[in-house]
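Quick notes on the structure that follows.
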Amino acid sequence: MLVRIAKAIVGKPKWFLMGIIAFLAVAGPLGGSVVDKLVNGGFEDAAAESSVARERLQADFGVAEPNLVLLVTSKGEIDSSDATSAGTELTKRLAAEPGIGNVLSYWTANKNPALKSRDGTSALVLARVDDSAGDPTKRITDLRSEFGGEQDGLTVGIGGSVAASFDTDDTIQKNLQAMELIALPVMFLVLLLVFGSLVSATLPLIMVLPMVVGTLFILRLIAGVTDVSIFAMNTATVIGLGLAVDYSLFIVSRYREELRHRGGDITNKADRSEAIVAAVRTAGRTVVFSAVTVALASAALAVFPLVFLRSIAYAGIAVSGFAALSAIILMPTLLALFGSKINSLDLRKGFRKLLGRPAKVSADTPDEGVWYRIATAVMRFPIPVATIVVAVLLLLGSPFLGAKFSLPDDRQLPASAESRQVQTTVREGFDSREADVLTVVAGGVRDEAGRAAQIQSYAEQLSRIDGVASVTSSVGTFTDGRTTAPPNPGAAAMANENGTFLKVAPDVEPYSAEGERLVADLRAAQAPWPVLITGTAAALVDTMTALDDGLPIALLFIGLSTFLLLFLFTGSILLPFKALLLNLLSLSATFGAMVWIFQEGNLASLFGVEVTGTTIAITPILMFCLLFGLSMDYEVFMLSRIKEEYERTGDTRLAVARGLGRTGRIVTAAAGLMMVVTISNLITTEIGFQVMFGFGLTLALFMDAFVVRGLLLPAFMQLAGRANWWAPGPLRRLHRRFGLSEEPAVVGTPVKEKSLVG
């Protein structure tokens, strides 16, 4: 199939170019509108108890959790007559706004002390921005203009989850633009160093355009039928830029190699066409195989019932598919059209001439170069090298054993974000966390005699639990098992024929071990009726349960699919097992470093993130799935050349050295280019867990390309010898029938193993 595609392209490259332009003309405008359709958040399980309780609260009582917080600060006491008058008026104005409901403030709730700061200068107004008519974040700009800043002698800050979502969206879009402005020019300079000529360096960047447009187009289509997270766009851009350049690098380098090995004339169309077809048949097969591996690893994220992770799965599948299509269709098209100019404007020749150095002569043999020498050196001492490297990787990974997990909150936003500033003030200056209230929804409560007594008894019981600041119910407010306030004006609506609900204000951080413990204690309390609990801390507990339940399935899916694909590619049982093991070692070292820095706080100040004492739970899962696929990119590329050399020579050690000699420079360049993207993302992003993600990707790419592929791979294959290629008889026959290979199998018995390293 690849050969037929390549022959068709070299026959009519202009037709293919026009087809690509037509696709861009259609998909570009549609994909460009995807930003308006993406959603924020997506870190909760829609089928979990907390989600069901939230729906019950809305359906049975018409009440929704507050997502808007107004932090009202006075120059003096917040209880002064002027402040009280202004605060009450502010509350009325907010309640009169269309689409704003469940408005509650310190002044309209009997001056509930939980809504007042410890120093007496600030108070809270809580409300719900209706999300049934569309994205509520779109109202934040107007709300900040109307209600923020100076208001009748009061200073008002706008926060809450909907404001945090707005600030997150805004920050991500600005960071993404900044990342692209840095990454693309630096990538061009790196490509210039790799290829030398301006034309060669430009071709891989051209390939990025249809990949990005196609991915955004697919995300737009998916967003029309289901929720897609805003983070999918950022991830698609970061991963897509790397894959597009990697794959184009593989195709272009193989094209130049095929042309050189054939002794072809680059000005001769027939020679160029043969080289293009050969490059697509060999490197193109590797690209397709790699893209399938990345897509399968990304698809594993879809087993988790979280919109965020499923969105990354959609993006990963789409971006890998379009990166492969761009590599096997657009790149051959460009080579066919501009192939005779592939080495034009070679800046290295100019520099050599300027320095008075002779022109560099390309070698036809891989038996030279840094990677060849590294491979031979490692294979002289495979056991010491493997032992030292594995020990270092395990040592780096050891901090991950102490990982404590949570979900992203306001502390992931930059310090300049207003929503984070509001929440920080609430966290540090208020005794309870009214904006993070836990709601207990009870069903089966009828208008029977003694109902009020049951509600009071249950509320008193809950108020005694460690971590509870107060419990508000239809019969009053309770603290430490005693009544502290009578029913507020809206308390009557907290009980009806459907049941009742109670609001539990915590005095612990919701996204923490204490918050999780509080939810467990509340759910374990004896209730007189069936109850469901929702709220920030409850959502954390339910999300962690969903992640724990989905993780074994995702790991099994990735492990089996990767093992099967590598077996089909190599015909070996040992090589897929080796790839899985080395990937786990590399990732464990990366995860350990992330915990050591971002959870434990070592060097965290260098990255400008707040240390919360926890690791964002979705980050290791996301990185595991994506990096497992990306690491196979280099694994497949190297193994394809090693296998090709083995089929030609029958000598494993020579095949490993030559395979790494041929691919090492390209893998180094590919990893360097991908690291340009991840470092650019790391430099420009202001979202805390994306900083962690960018650092993890950068470190993992370095580990994988330079440590694992450069040291552990040759050491392992040297120790295994001919066992590298072994498989039981039935599996060998299966591979002969269904397996994949870059070159036709060598006919006859391979030559006897020869000594390469003495």
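Scan region 180-196 for residues that are over 17 Å from L209 (Cα atoms) and of a type in the set (G, A, S) and jot them down.
Once the filter is applied, which keeps residues that are over 17 Å from L209 (Cα atoms) and of a type in the set (G, A, S), region 180-196 yields only G196.
Determine, yes or no, whether D131 is within 18 Å of G41 (Cα to Cα) and surrounded by fewer than 18 Cβ atoms within 10 Å (Cβ to Cβ).
Answer is yes for this residue.
Which of the residues that make up region 375-434 are hydroxyl-bearing (S, T, Y) and farther than 30 Å from L306 by Cβ?
Correct list: T376, T387.
For region 535-591, give me the residue count where each residue is among the hydroxyl-bearing types (S, T, Y) and under 20 Å from A715 (Cα atoms).
Going through region 535-591 one residue at a time, the tally reaches 4.
Based on this model, can you work out whether L575 counts as closer than 26 Å to G42 by Cβ, of a type outside the set (V, I, T) and assigned by TED's automatic domain parsing to the domain that holds F624?
no
Can you say whether D119 is in contact (Cβ under 8 Å) with a residue 24 or more places away in the chain and within 31 Å of the chain's Cα centre (by Cα), as far as the supplied structure shows?
For D119, the condition - in contact (Cβ under 8 Å) with a residue 24 or more places away in the chain and within 31 Å of the chain's Cα centre (by Cα) - is not met.
Could you go through region 215-232 and let me know if any residue there is of a type in the set (D, E, K, R) and in contact with a helix residue (DSSP H, G or I) (Cβ under 6 Å, 6 or more places away or on another chain).
yes
Can you spot a residue in region 149-162 that is assigned by TED's automatic domain parsing to the domain that holds G76, without any contact (Cβ under 8 Å) to a residue 40 or more places away in the chain and not in a helix (DSSP H, G or I)?
Yes, because at least one residue in region 149-162 is assigned by TED's automatic domain parsing to the domain that holds G76, without any contact (Cβ under 8 Å) to a residue 40 or more places away in the chain and not in a helix (DSSP H, G or I).
Can you say whether E146 is assigned to a helix (DSSP H, G or I), at pLDDT 85 or above and assigned by TED's automatic domain parsing to the domain that holds S80, as far as the supplied structure shows?
Details: assigned to a helix (DSSP H, G or I): yes; at pLDDT 85 or above: yes; assigned by TED's automatic domain parsing to the domain that holds S80: yes.
Against the criterion (assigned to a helix (DSSP H, G or I), at pLDDT 85 or above and assigned by TED's automatic domain parsing to the domain that holds S80), E146 qualifies.
From the list S470, S398, which residue is within 43 Å of the chain's Cα centre (by Cα), modelled with pLDDT under 90, over 30 Å from K174 (Cβ atoms) and not in a loop (DSSP other than H, G, I, E, B)? Step through it out loud before you land on a result.
On the way: S398 fails: modelled with pLDDT under 90.
From the options S470, S398, the qualifying one is S470.
May I ask you to list pairs of residues, at least six apart or on different chains, whose Cβ atoms are under 8 Å apart, with the first in region 371-389 being outside any loop (DSSP other than H, G, I, E, B) and modelled with pLDDT of 95 or more and the second being acidic (D, E) and exposed (fewer than 15 other Cβ atoms within 10 Å of the Cβ)?
Once the first residue is outside any loop (DSSP other than H, G, I, E, B) and modelled with pLDDT of 95 or more and sits in region 371-389, no partner that is acidic (D, E) and exposed (fewer than 15 other Cβ atoms within 10 Å of the Cβ) comes close enough.
Determine if region 569-576 includes at least one residue that is at pLDDT below 85 and in a helix (DSSP H, G or I).
Checking region 569-576: at least one residue is at pLDDT below 85 and in a helix (DSSP H, G or I).
Return the only residue of P576, P620, P528, P510 being closer than 29 Å to S470 by Cα and surrounded by 20 or more Cβ atoms within 10 Å (Cβ to Cβ).
None of the others qualify; the one that does is P510.
Looking at L413, L438, L393, can you tell me which residue is within 30 Å of V656 (Cβ to Cβ), surrounded by 21 or more Cβ atoms within 10 Å (Cβ to Cβ) and touching a residue at least 40 places away in the same chain (Cβ under 8 Å)?
Going through L413, L438, L393 in turn, the sole match is L393.
Kindly indicate whether any position in region 641-659 is in contact with a Pro (Cβ under 7 Å, 6 or more places away or on another chain), at pLDDT 85 or above and crowded, with 22+ Cβ neighbours inside 10 Å.
Yes, some residue in region 641-659 is in contact with a Pro (Cβ under 7 Å, 6 or more places away or on another chain), at pLDDT 85 or above and crowded, with 22+ Cβ neighbours inside 10 Å.
Filter region 151-172 for residues that are surrounded by 22 or more Cβ atoms within 10 Å (Cβ to Cβ), under 22 Å from the mean Cα position of the chain (by Cα) and closer than 20 Å to I100 by Cβ and give the result.
S161, V162, A164, F166, D167
Is at least one residue of region 436-456 modelled with pLDDT of 90 or more and closer than 24 Å to I78 by Cα?
no
Within region 87-94, identify whether any single residue is in the same structural domain as L154 (by TED's automatic domain parsing), acidic (D, E) and either in contact (Cβ under 8 Å) with a residue 12 or more places away in the chain or out of contact with any helix residue (DSSP H, G or I) (no Cβ under 6 Å at 6 or more places or on another chain) (or both), and answer yes or no.
Yes, region 87-94 contains a residue that is in the same structural domain as L154 (by TED's automatic domain parsing), acidic (D, E) and either in contact (Cβ under 8 Å) with a residue 12 or more places away in the chain or out of contact with any helix residue (DSSP H, G or I) (no Cβ under 6 Å at 6 or more places or on another chain) (or both).
Inside region 610-642, can you point out the residues that are farther than 30 Å from R281 by Cα and not β-branched (V, I, T)?
E610, G613, A617, P620, L622, M623, F624, listed by residue number.
Would you mention how many residues in region 466-494 are surrounded by fewer than 19 Cβ atoms within 10 Å (Cβ to Cβ), of a type in the set (A, V, I, L, M) and under 20 Å from Q526 (Cβ atoms)?
Residues flagged as surrounded by fewer than 19 Cβ atoms within 10 Å (Cβ to Cβ), of a type in the set (A, V, I, L, M) and under 20 Å from Q526 (Cβ atoms) within region 466-494 amount to 0.
Any residue at all in region 225-237 that's under 30 Å from F308 (Cα atoms), of a type in the set (A, V, I, L, M) and more than 21 Å from the chain's Cα centre (by Cα)?
From region 225-237, those under 30 Å from F308 (Cα atoms) are 225-237; that's our starting set.
So of that shortlist, the ones also of a type in the set (A, V, I, L, M) come out as 225, 228, 230, 232-233, 236.
Filter once more, so that each one left must be more than 21 Å from the chain's Cα centre (by Cα): 225.
Checking region 225-237: at least one residue is under 30 Å from F308 (Cα atoms), of a type in the set (A, V, I, L, M) and more than 21 Å from the chain's Cα centre (by Cα).
So R662 fits all but one of (1) in contact (Cβ under 8 Å) with a residue 24 or more places away in the chain; (2) over 26 Å from G550 (Cβ atoms); (3) assigned to a helix (DSSP H, G or I); (4) out of contact with any Lys or Arg (no Cβ under 7 Å at 6 or more places or on another chain); what number is the exception?
(4)
Would you mind telling me which numbered condition in (1) touching a residue at least 12 places away in the same chain (Cβ under 8 Å); (2) part of a helix (DSSP H, G or I) A527 fails?
(2)
Whether any residue in region 622-632 is more than 19 Å from G242 (Cα to Cα) and assigned by TED's automatic domain parsing to the domain that holds V708 is what I want to check. Can you show your working first?
Taking region 622-632 and keeping what is more than 19 Å from G242 (Cα to Cα), we get none.
Scanning region 622-632 turns up no residue that is more than 19 Å from G242 (Cα to Cα) and assigned by TED's automatic domain parsing to the domain that holds V708.
Taking only pairs six or more apart or across chains, which ones have beta-carbon atoms under 8 Å, a first residue in region 220-242 that is over 19 Å from A323 (Cα atoms), and a second residue that is among the charged types (D, E, K, R)?
A223/K37; G224/K37; V228/K37; I230/D169
The values are calculated or read from the model by the stated rules, or taken from the named source; none is laboratory data. Since we're looking at a predicted model, the values are computed, not measured. Don't worry about glycine lacking a Cβ; one is built from the backbone with ideal geometry, like all the others, and counts go over all protein chains shown.
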